[in-house]
Amino acid sequence: MLIKNAKIVLLDGVRDGDILVKNGKIVRIAENIPADGEKEKIDASGLYAFPGLIDMHVHLREPGYEYKEDIQSGSEAAVHGGFTQVCCMPNTNPVADNKAVVGYIRRRGEEVGLCKVRPIGAITRGEKGAELADIGEMKAEGAVALSDDGVSVVNSRLMRLAMEYASGFGMVCLCHCEDKVLADGGVVNEGYNSTLTGLKGIPRAAEDIMIARDICLAQSLDVPVHICHVSTYSGVQLIRAAKAGGVKVTAETCPHYYAATDDIIRGFSTDTKVNPPIREERDRQALLEGLKDGTIDCIVTDHAPHHKNDKDVEYDLAAFGISGIETSFGFAITYLYKTGILTLSEIADKMSRNPARILGLEGGELKEGAAADILLADLDKKWTVDPAAFRSKGKNTPFAGYELCGEAVCTIVDGKIKYRREN
């Protein structure tokens, strides 16, 4: 494959050039590479070549909840959104807390053959927080990280052991930070809008307390820890201070936290219900600052597809989660690049290079010798979010009708085109 006339997003900026691919690898990046019998030639004039996006926090629901999403539909949605690798959380049924389930997810991803599906194993058996899962066996079957996403490991001693074991296997714990007792059944951010709507609020402290605890554990053990879906200004402050003090902490946030505020809950649409909740303008601005100064390392989707029956109920009873893997790149270009907050190289860092670095994955950078995982994108293309057009089974987004800029035109995995825009 020879990709001609692209604007190539590299670590140190963007440069015009061509990309030559052979046997699934990038063999040359240069200007005016002559064609020499390549089976496929792509004219990328006007397009930007990014390293294939890596989403280190998705929910593919299989096994057990295929009515919400499965690995086939989730993979189709991923390549449609420009993602070449996705790391799927273990809160399936049965939970991915053993080598059999982890191995099934990995093999099923290979069978589908679209994006690279990387399983994340549970920290504790059944995500019940009582005893550690079989970490070594899951690692051997392809687990790339550990998480009890959806719940925090409340027992601090157990969490400490999990971090020690994970580090010993060259893995990192991805921490869902929530004090369930303090959250006390809340469904939205605690503040003006929760009072206005009468919906029960979740205080920032419910998130911040567990962020602080996991930072303390990582500091005492001198091992890495990763904080999932940061949503609070105070959480950003904690992570920034920890990094300044030498703690091996990394963190992520999602488009719905940096692009929206809890004003969107006033219409009582259950598509706005997500955990942690979308918070206030102060939090949104802090997340933008955290992305800009490197406090927040990664942008993830926390893609959480649901069947309409899980959302078409009273707000208190609705499932938490937003289907976001097909809109994430557009949000990054519209709300971060076009506004001057991040450069294209910084967006590539947040959405590809840093996830690869944190999890020890191949990929994340366009360079000679690397896997040919490439996104070709049109950054000037304006499009309107239409859930009916999602490849995902989950149509649950609060952003229907939003106009975004930046669209995946072609998604290439190991040198093979897995998605190409029709027009």
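Read the figures in this text as sums done on the coordinates, not as results from a lab. Quantities reported herein were computed from a predicted structural model and do not represent experimental measurements. Ideal geometry is used to build each Cβ from the backbone, glycine not excepted, and the neighbour counts take in all protein chains shown.
Here are a few things to note about the model shown:
- Once the Cα-Cα distance is subtracted from the 0.36 nm per residue extended length, the Glu362 to Lys22 segment shows a gain of 120.7 nm.
- Relative to the longest principal axis of the Cα atoms of the chain, helix 71-80 runs at roughly 60 degrees.
- Neighbourhood net charge (10 Å Cβ-Cβ; Lys/Arg +1, Asp/Glu -1) for Val385: -3
- Mean-position separation - Cα centroids, segment 272-311 and segment 131-188, in angstrom: 20 Å
- Shown is the FRET efficiency for Leu182 and Gln219, computed with R0 = 30 Å from the Cβ-Cβ distance and rounded to the nearest 0.05: 0.85.
- Pairwise label distance in nanometres, Arg421 with Tyr192, each label 7 Å out on the Cα-Cβ vector: 3.8 nm
- Inter-site label distance for Val313 and Ile264 at 7 Å from Cα along Cβ, in nm: 2.2 nm
- Alpha-carbon centroid distance for the pair segment 75-90 / segment 327-362, whole angstrom: 15 Å
- Ranked by the mean number of other Cβ atoms within 10 Å per residue, highest first, peptides 173-181, 220-228 order as 173-181, 220-228.
- Residues Phe83, Phe169, ranked from the fewest to the most other C-beta atoms within 10 Å, line up as Phe169, Phe83.
- With R₀ set to 60 Å, the beta-carbon distance separating Lys200 from Asn32 gives a calculated FRET efficiency near 0.45.
- Note on the chain: antiparallel DSSP beta bridges, both residues inside, total approximately 55 percent of the bridges counted.
- Potential lengthening between Glu131 and Val151 on full extension [0.36 nm per residue; Cα-Cα distance subtracted]: 5.8 nm
- Gain in span if fully extended, Glu66 to Asp43, counting 0.36 nm per residue against the direct Cα distance: 4.5 nm
- Most to least packed among 4-11, 333-340 [average Cβ atoms within 10 Å]: 4-11, 333-340
- Per the Debye formula on identical point scatterers at the alpha carbon atoms of segment 48-409, with no solvent, log10 I(q)/I(0) at q = 0.08, 0.11, 0.15 Å⁻¹ is -0.34, -0.67, -1.39.
- Exposure proxy ranking for His229, His307, based on other Cβ atoms within 10 angstrom of each Cβ and starting from the fewest, stands as His307, His229.
- Rounded FRET efficiency, nearest 0.05, which uses the C-beta distance separating Lys338 from Leu158 and R0 of 30 Å: 0.10
- When the Gaussian network model of the chain links Cα atoms closer than 10 Å, the mean-square fluctuations of Met89, Met351, Met159 top out at Met159.
- Order of Leu366, Leu342, Leu182 under a 10 Å beta carbon neighbour criterion, fewest first: Leu182, Leu342, Leu366
- Selected from Glu362, Glu127, Glu38 as most flexible by GNM, with the chain as the system and alpha-carbon contacts under 10 Å: Glu38
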